[in-house]
Amino acid sequence: MSTKKSQSKVGRPRNQNLEAAFLNATVKVIGDKGYRDLTLSDVAEEAGSSRPALYRRWSSKQGLVVDTLSMLFKEAIPEVPDTGSPQVDVATMLKGFTALLRKNNGYLVLVNLIPELRRDNELGNLFKKIEIGRRLFLVKAILRGQSRDLIDPALDIDLAIDRMLGAIYFRLIFRDGIPPDEVIDEIARATLPPSEPFCSGTNRT
C-alpha cells in the first residue's frame, strides 16, 4: 500500500542541470547575436529545452542575463583571497575577472552589454546589484589591508576601485584588449600604495 502511494507521488524527474544549461546558453546567444536581438526562445533552443521550462524560471530576458552575469562572476571570483598581501589579493580577483573575459564568449558578452546598460533601465538597475557585490569583495580585501597597516589608511577606496576597473575597461575597449596578468599586478600596486610605516620598514608604536 505504502509502495503504491510513494510511486504515485513520483513525477517526472527534474533536470538538475537545466538552469545551468540556460545560463550557459545565454552566454552563447549574447556572443552570437548581441543582447538586443536575444530572445528567450533563442536561449531555450540553444539549451535544448523549451520556452515553458525557461519561462518558469525567468519571465524577462533582463533577469536571465543578469543571473547569467552573476553566475559568471561567482565562478571567476568565488571568494576573497587572503595571501597576506592586499595588493596580491586584489590583483588575484581582478585576474579572475579578466580570465572570465577570455573564457568562451565572456569578452563578447561584456562588450555587447555595456552600451545597453543605459538604454535598458531594468537591465541597468539589475546589473548595479551585481556590481555592488563584486565591489564589496574588493572593498573587503582593501579594508583588511588597511587594518593590517599594509595599505595607506587615507586611501579613497571607492575611487581606487574605480581606477582599477576603469583601467581594465579602457584597455579592453579602446586599446589592446584584455590586459595580461602582469599589467593587472602593476595596476593593483600602483593604485594601492602601502602605508608609510610599511614603506619605511618601521613599526607603529
Given the conditions (1) within 19 Å of L117 (Cβ to Cβ); (2) within 20 Å of the chain's Cα centre (by Cα), report the number of the one that R36 does not fulfil. (2)
Determine the pairs where a residue that is over 18 Å from T191 (Cα atoms), located within segment 65-93, has a partner that is surrounded by fewer than 19 Cβ atoms within 10 Å (Cβ to Cβ) and β-branched (V, I, T) with Cβ atoms under 6 Å apart, the partner being 6 or more residues away or on another chain. L69/I130; S70/I130
Against the definition (farther than 22 Å from F127 by Cβ, surrounded by fewer than 17 Cβ atoms within 10 Å (Cβ to Cβ) and touching a helix residue (DSSP H, G or I) at 6+ places or on another chain (Cβ under 8 Å)), how does S41 come out, yes or no? yes
In segment 104-135, what residues are free of Cβ contacts under 8 Å to residues at least 12 places away in the same chain and closer than 23 Å to P179 by Cβ? P115, L117, E131
Taking the options N112, N125, name whichever one is within 16 Å of the chain's Cα centre (by Cα), of a type outside the set (D, E) and surrounded by 13 or more Cβ atoms within 10 Å (Cβ to Cβ). N112
Residue that is modelled with the highest pLDDT, among those in segment 2-38 that are of a type in the set (S, T, Y) and surrounded by 16 or more Cβ atoms within 10 Å (Cβ to Cβ): T26
Of K74, K95, the only residue that is part of a helix (DSSP H, G or I), within 10 Å of the chain's Cα centre (by Cα), among the charged types (D, E, K, R) and closer than 24 Å to L143 by Cβ is K74
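The values are calculated or read from the model by the stated rules, or taken from the named source; none is laboratory data. None of these values were measured; they are calculated from a predicted model. As a convention, Cβ positions derive from the backbone with ideal geometry for all residues, glycine included, and neighbour counts pool all protein chains shown.
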